[in-house]
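Some notes on the structure that comes next.
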Amino acid sequence: MTQDNFSRVTEFILLGFSDAQELQLLIFTFFLLAYAMVLLGNLLIIVTVRTDPKLSSPMYFLLCNLSFIDICYTSVTIPRVLVARLSGHKAIAFEGCVAQLFFLHFMGSSEMFLLTVMAFDRYTAICRPLHYTAIMARGACWALVAACWVGGFIHSIVQTVLVLQLPFCGPNTIHSYFCDVPPVVLLACADTTLTEWLMASNSGLISLGCFLVLVASYMLILAKVRAHLSQGHWKALSTCASHVMAVTLLFTPCIFTYLRPAGTLPTSKYVCVIYTILSPMMNPLIYTLRSCEMKESMRRL
């Protein structure tokens with residue numbers, strides 16, 4: 001293998017949002033408060049579900065796993081932003097950049113798969129209530145969660161390998177606050193057209209596919225509820241409404257970002273804020289405020 005096949009770039013520069021001191025302080029405060037809300041909100045959900053025997057249904061088991069993923073997901077990007085602001089050091093090593101994009105896609109795709117499983121859980125509970133206990137048994141729930149992690153790992157490995165096979169020998173400035181596949185690929189010293197299409201077909205189709213499955217499941221739930229206007233069905237529909245909010249907040253910007261080659265349109269770092277910060281920050285509020293059982297358990301806790 002020749003020397004040209006190795007990366008000659010040893011670090012990347014993450015420009016962040018702005019160099020203005022006033023904006024830097026505002027951005028640092030926003031990221032710090034957002035990260036604190038993510039940690040406190042999701043840890044509270046995990047502790048509440050784990051300590052209250054009444055929250056032993058599959059829905060809360062899946063919600064507990066979602067909170068754990070959100071904590072890991074935000075910890076991939078936000079602490080690096082806070083440290084960079086305090087130290088003034090915007091550079092990130094090549095290996096650190098690759099590791100960041102690997103774990104970002106690992107956690108992000110695992111969350112998408114888990115939200116799809118949660119939609120299936122709601123569909124089963126509403127449309128097949130007599131078979132719900134058998135279908136969503138504890139062993140089946142563990143298997144579904146494990147499948148989400150495995151699927152996320154495979155997706156992330158594919159993305160990382162596609163990045164590592166590219167040569168980086170020129171510019172090393174990333175116009176974002178974290179390393180992601182689209183902005184990193186644009187810095188490669190080679191024709192990346194095929195790689196960009198492969199990545200778009202991977203990340204983009206996963207985002208779109210999960211979103212379409214979610215939309216289809218909620219449409220079936222809506223049809224079921226309209227046919228059976230019982231109080232129990234309306235309560236279940238109320239729970240699904242919160243899920244729709246979380247799904248829209250996560251999938252819409254992801255589809256916009258990944259369902260196209262990186263070179264066709266610059267990736268907006270402000271759009272990235274929605275699915276890397278706002279979505280994990282809002283999930284605890286969205287899922288707990290629509291659940292009377294969860295609110296009662298938190299009060300007791």
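The values are calculated or read from the model by the stated rules, or taken from the named source; none is laboratory data. Not measured: the values here are computed from a predicted model. Areas reflect the complete protein model, heavy atoms only, side chains present, ligands, DNA and RNA absent. Shrake-Rupley method; radii C 1.70, N 1.55, O 1.52, S 1.80 Å.
Hey, what angle do you get for helix 279-289 against the long axis of the chain, alpha-carbon based, 0 to 90 degrees rounded to 10?
10 degrees
Does anyone have the angle between helix 94-127 and the longest principal axis of the chain? Alpha-carbon axes, 0 to 90°, nearest 10?
Once rounded, one gets 20 degrees.
With springs only between Cα atoms under 10 Å, which of ARG80, ARG226, ARG122 fluctuates most in a Gaussian network model of the chain?
ARG226
Across the chain, how many lysine pairs, 8 or more apart or on two chains, come within less than 24 Å at their alpha-carbon atoms?
Taking the chain as the scope, the lysine pair count is 5.
Restricting the calculation to Cα positions, tell me the Rg (one decimal) and the Dmax (whole number) of the stretch 11-295 in Å.
20.0, 64
Counting each DSSP H run of 4 or more residues in the chain as -39500 (n - 2.57), what helix-only mean residue ellipticity at 222 nm follows after dividing by all residues, to the nearest 500 deg cm²/dmol?
Mean residue ellipticity, 222 nm, calculated: -23500 deg cm²/dmol.
Output the Kirkwood hydrodynamic radius of the stretch 136-183, Cα pairs only, in Å rounded to one decimal.
Numbers: mean 1/r = 0.0735 Å⁻¹.
Final number for the Kirkwood radius of the stretch 136-183 is 13.6 Å.
Pick out which of VAL83, VAL98, VAL244 has the largest mean-square fluctuation in a Gaussian network model of the chain, springs linking Cα atoms closer than 10 Å.
Highest fluctuation among the options: VAL83.
Pick from PRO284, PRO182, PRO171: which residue has the top mean-square fluctuation in a GNM of the chain where Cα pairs under 10 Å get a spring?
Ranking PRO284, PRO182, PRO171 by mean-square fluctuation puts PRO171 first.
Dimensions of the stretch 119-163 along principal axes (Cα, Å, largest first)?
Projected onto the principal axes, the Cα atoms of the stretch 119-163 cover 47, 19, 8 Å.
Report the Stokes-Einstein translational diffusion coefficient (µm² s⁻¹, integer) for the stretch 65-116, Rh taken as the Kirkwood radius over Cα pairs, at 20 °C with viscosity 1.002 mPa s.
Diffusion coefficient, whole number: 180 µm²/s.
Rule-of-thumb check for the stretch 9-152: C-alpha Rg over 2.2 N^0.38 Å? Write out the running numbers ahead of the final one.
Working: Rg = 19.1 Å, N = 144, 2.2 N^0.38 = 14.5 Å.
My calculation over the Cα atoms of the stretch 9-152 gives 1.32.
With every protein chain kept in place and ligands, DNA and RNA left out, what is the accessible area per residue of the chain? Probe 1.4 Å, answer in Å². Provide the component values of the computation, followed by the final result.
Working: 14370 Å² over 301 residues.
Spelled out: the 1.4 Å probe surface of the chain, per residue, equals 48 Å².
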